[in-house]
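*Asks:* Before I ask anything, here is the structure I am working with.
The values are calculated or read from the model by the stated rules, or taken from the named source; none is laboratory data. What you see is a predicted model, and the numbers here were worked out from it, not measured in a lab. Neighbour counts run over all protein chains shown; Cβ positions are idealised from the backbone, glycine included. Just so you know, the surface numbers come from the protein's heavy atoms only, side chains and all, with ligands and any DNA or RNA stripped out. Shrake-Rupley method; radii C 1.70, N 1.55, O 1.52, S 1.80 Å.
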Amino acid sequence: MSEIKKNYCFVGSYTGFEPGQLSWVGSQQSGVGILSFEFNDSTGSLTPINKVEQDSPTWLEVHPNGRFLVATHELSAHTGAQVGEGYVTSYEIQSNGYLKKLCTQSTGGRGNTCATFDRTGHFLLVTRYWEGGVSVLPFNSNTGMIGEVTARPDYSGSGPIPIRQTMSHPHGVHGDPLTNLVYTMDLGSDKIHQHVLDVELGTLASIEEVHLPGGSGPRGINFHPTLRVAYVNCELNGTTVVCSIDNKKGLMPFQTVNCYPGGFHGQDNPENLGKANFWGAEGCLSKNGTYYYYICRIHQSIAVYKVDSDDGKLTFSSRCSLAAKSNARNLTLDTSGNYLLVASQDANLVECFRINLRTGALELVKKQHAPCPADVAVI
């Protein structure tokens, strides 16, 4: 494969649903698999290149070597998927921005809402949201091929919000950037399950769980680039929990910030498809770790926080509006760190914001139509 010189953006989407079939998707327009765009890092514009048909690729992850893209298939009973049915697919990223399919591998379960690589790049970590567990699969960083599941722990527990927390629902799973620790954010039980990954066998050994306040709904995690600090974005109570990281014990929470405006109530808002008091989505750190961004669905905004350079604590800095009825699902930086791209799912848009590197504030520069976008990956 020739060297990739241009910047490309890949947009995954919810596909194959009828309007109203997925209760958490307000868009009336089904997605079209994975869209490829050329990304202009001078203007923030996106130029369509190609599309790849795939069932609900709602999480896209670029391998650390930049050669491969892995996409989840977020299947559920809502569209007829059976218990134990779930997949991830790998693609080779071509020099022209096209994707060449390499393989599809079973994950052993539905609701693959997240797929990430461990720090070695040799294992793929995948959630099984609807069945309450995660799976580990070997990944060949030379060929892009995905092996069969080597570990698939199941979790138990519940939380105080009946419509969302009747059982374990792992939403995000990520490997520690410096150790073999693996963290699973369990939205259903308000826990962060912690494991040690055996990087030879691909097995997981459990260590002590982290318990968050009832109704938090932990969803994902971001790691500071220089401090041993992590930021856990919680969906159901609209907060971010800041944690120090111990190389053996894992996460230790020390600050919680409310990301929605004071006095905002989302419970009865018709755009609250998340069915809890709040409906937060993903978070993201700026490239140098000086600012943190959190999606506030229902309020249709991004909260911006200044990150303390000594201890990583968050201080509110500003807020940026998203498109009407956005209910954005994911956000990511471009490779330069100058832009933040947002998958505004229910508005059928990718919104591109320029980051003020001095203040962290966001300025909308481009909107690109993309049916029911769920995630954005940039190389």
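*Asks:* Pick from segment 135-162 the residues that are in contact (Cβ under 8 Å) with a residue 60 or more places away in the chain and closer than 21 Å to Gly109 by Cα: which of them is most open to solvent (accessible area, probe 1.4 Å)?
*Replies:* The qualifying residue most open to solvent (accessible area, probe 1.4 Å) is Pro138.
*Asks:* Next up: What residue, of Val126, Val83, Val88, is surrounded by fewer than 23 Cβ atoms within 10 Å (Cβ to Cβ) and among the β-branched types (Val, Ile, Thr)?
*Replies:* On inspection, the qualifying residue turns out to be Val83.
*Asks:* Taking the options Ser321, Ser344, Ser309, name whichever one is at pLDDT 95 or above and touching a Pro at 6+ places or on another chain (Cβ under 8 Å).
*Replies:* Being at pLDDT 95 or above and touching a Pro at 6+ places or on another chain (Cβ under 8 Å) holds for just one of Ser321, Ser344, Ser309, which is Ser344.
*Asks:* Here's another thing I want to ask about it. Checking Ile302 against (1) β-branched (Val, Ile, Thr); (2) under 16 Å from the mean Cα position of the chain (by Cα); (3) open to solvent by 60 Å² or more (accessible area, probe 1.4 Å), only one condition comes out false. Which one?
*Replies:* All conditions pass for Ile302, except number (3).
*Asks:* Quick check on my filter: what residues within segment 260-277 are under 27 Å from Val210 (Cβ atoms) and either in contact with a Cys (Cβ under 6 Å, 6 or more places away or on another chain) or touching a residue at least 60 places away in the same chain (Cβ under 8 Å) (or both)?
*Replies:* Once the filter is applied, which keeps residues that are under 27 Å from Val210 (Cβ atoms) and either in contact with a Cys (Cβ under 6 Å, 6 or more places away or on another chain) or touching a residue at least 60 places away in the same chain (Cβ under 8 Å) (or both), segment 260-277 yields Tyr260, Gly274, Lys275, Ala276, Asn277.
*Asks:* As an exercise: evaluate Lys313 against (1) touching a helix residue (DSSP H, G or I) at 6+ places or on another chain (Cβ under 7 Å); (2) charged (D, E, K, R); (3) surrounded by fewer than 24 Cβ atoms within 10 Å (Cβ to Cβ) and give the number of the one condition it does not meet.
*Replies:* Of (1) touching a helix residue (DSSP H, G or I) at 6+ places or on another chain (Cβ under 7 Å); (2) charged (D, E, K, R); (3) surrounded by fewer than 24 Cβ atoms within 10 Å (Cβ to Cβ), only one is false for Lys313: (1).
*Asks:* Still on this structure, please answer the following. Yes or no: segment 114-130 includes at least one residue that is in contact with a strand residue (DSSP E or B) (Cβ under 9 Å, 6 or more places away or on another chain), at pLDDT 95 or above, in a loop (DSSP other than H, G, I, E, B) and hydroxyl-bearing (Ser, Thr, Tyr).
*Replies:* Within segment 114-130 (the criterion being in contact with a strand residue (DSSP E or B) (Cβ under 9 Å, 6 or more places away or on another chain), at pLDDT 95 or above, in a loop (DSSP other than H, G, I, E, B) and hydroxyl-bearing (Ser, Thr, Tyr)), the answer is yes, since at least one residue qualifies.
*Asks:* Within segment 189-213, restricting attention to residues that are out of contact with any Phe, Trp or Tyr (no Cβ under 8 Å at 6 or more places or on another chain) and outside any strand (DSSP E or B), which residue is most open to solvent (accessible area, probe 1.4 Å)?
*Replies:* Of everything passing the filter in segment 189-213, Glu200 is most open to solvent (accessible area, probe 1.4 Å).
*Asks:* Next question. Across segment 86-125, what is the total count of residues that are basic (Lys, Arg) and within 27 Å of Ala281 (Cβ to Cβ)?
*Replies:* Within segment 86-125, residues that are basic (Lys, Arg) and within 27 Å of Ala281 (Cβ to Cβ) number 2.
*Asks:* Would it be correct to say that Val376 is open to solvent by less than 10 Å² (accessible area, probe 1.4 Å) and either in contact (Cβ under 8 Å) with a residue 60 or more places away in the chain or β-branched (Val, Ile, Thr) (or both)?
*Replies:* Yes: the conditions hold for Val376.
*Asks:* Moving on to the next point. Going by what's in this entry, would Asn327 be described as open to solvent by 10 Å² or more (accessible area, probe 1.4 Å) and more than 22 Å from Asn338 (Cα to Cα)?
*Replies:* So Asn327 fails the test.
*Asks:* Is it the case, given these coordinates, that Ala71 is crowded, with 18+ Cβ neighbours inside 10 Å and in a loop (DSSP other than H, G, I, E, B)?
*Replies:* No; evaluated as a whole, the condition is false for this residue.
*Asks:* Now for a separate question. Working only within segment 164-181, note down all residues that are open to solvent by less than 50 Å² (accessible area, probe 1.4 Å), within 17 Å of the chain's Cα centre (by Cα) and over 16 Å from Val136 (Cβ atoms).
*Replies:* Residues satisfying the conditions are His169, His171.
*Asks:* Name the single residue that is farthest from Val11 (Cα to Cα) among those in segment 335-353 being in a strand (DSSP E or B) and of a type in the set (Gly, Ala, Ser).
*Replies:* Ser344
*Asks:* If I ask for residues that are open to solvent by less than 10 Å² (accessible area, probe 1.4 Å) and within 18 Å of the chain's Cα centre (by Cα), which ones from segment 268-283 would you list?
*Replies:* Gly274, Trp279, Gly280, Ala281, Gly283, listed by residue number.
*Asks:* I'm told Gly80 meets every condition in (1) farther than 29 Å from Lys6 by Cβ; (2) in contact (Cβ under 8 Å) with a residue 12 or more places away in the chain except one. Can you identify the failing condition by its number?
*Replies:* Result: Gly80 passes all but (2).
*Asks:* Read through the list (1) open to solvent by less than 30 Å² (accessible area, probe 1.4 Å); (2) outside any loop (DSSP other than H, G, I, E, B), then give the number of the only condition that Ser216 fails.
*Replies:* Unmet for Ser216, out of (1) open to solvent by less than 30 Å² (accessible area, probe 1.4 Å); (2) outside any loop (DSSP other than H, G, I, E, B): (2).
*Asks:* For the list (1) within 20 Å of Pro153 (Cα to Cα); (2) in a strand (DSSP E or B); (3) open to solvent by 30 Å² or more (accessible area, probe 1.4 Å), I need the number of the one condition that Thr184 fails.
*Replies:* (3)
*Asks:* Follow-up. Tell me, please, whether a residue that is modelled with pLDDT under 95, farther than 19 Å from Leu331 by Cα, open to solvent by 30 Å² or more (accessible area, probe 1.4 Å) and polar (S, T, N, Q) can be found in segment 236-259.
*Replies:* no
*Asks:* So which of Ser90, Ser27 is in a strand (DSSP E or B), of a type in the set (Gly, Ala, Ser) and in contact (Cβ under 8 Å) with a residue 24 or more places away in the chain?
*Replies:* Ser90
*Asks:* A further question on this structure: Taking Gly12 as the residue in question, decide whether it is assigned to a loop (DSSP other than H, G, I, E, B) and either at positive phi or surrounded by 20 or more Cβ atoms within 10 Å (Cβ to Cβ) (or both).
*Replies:* no
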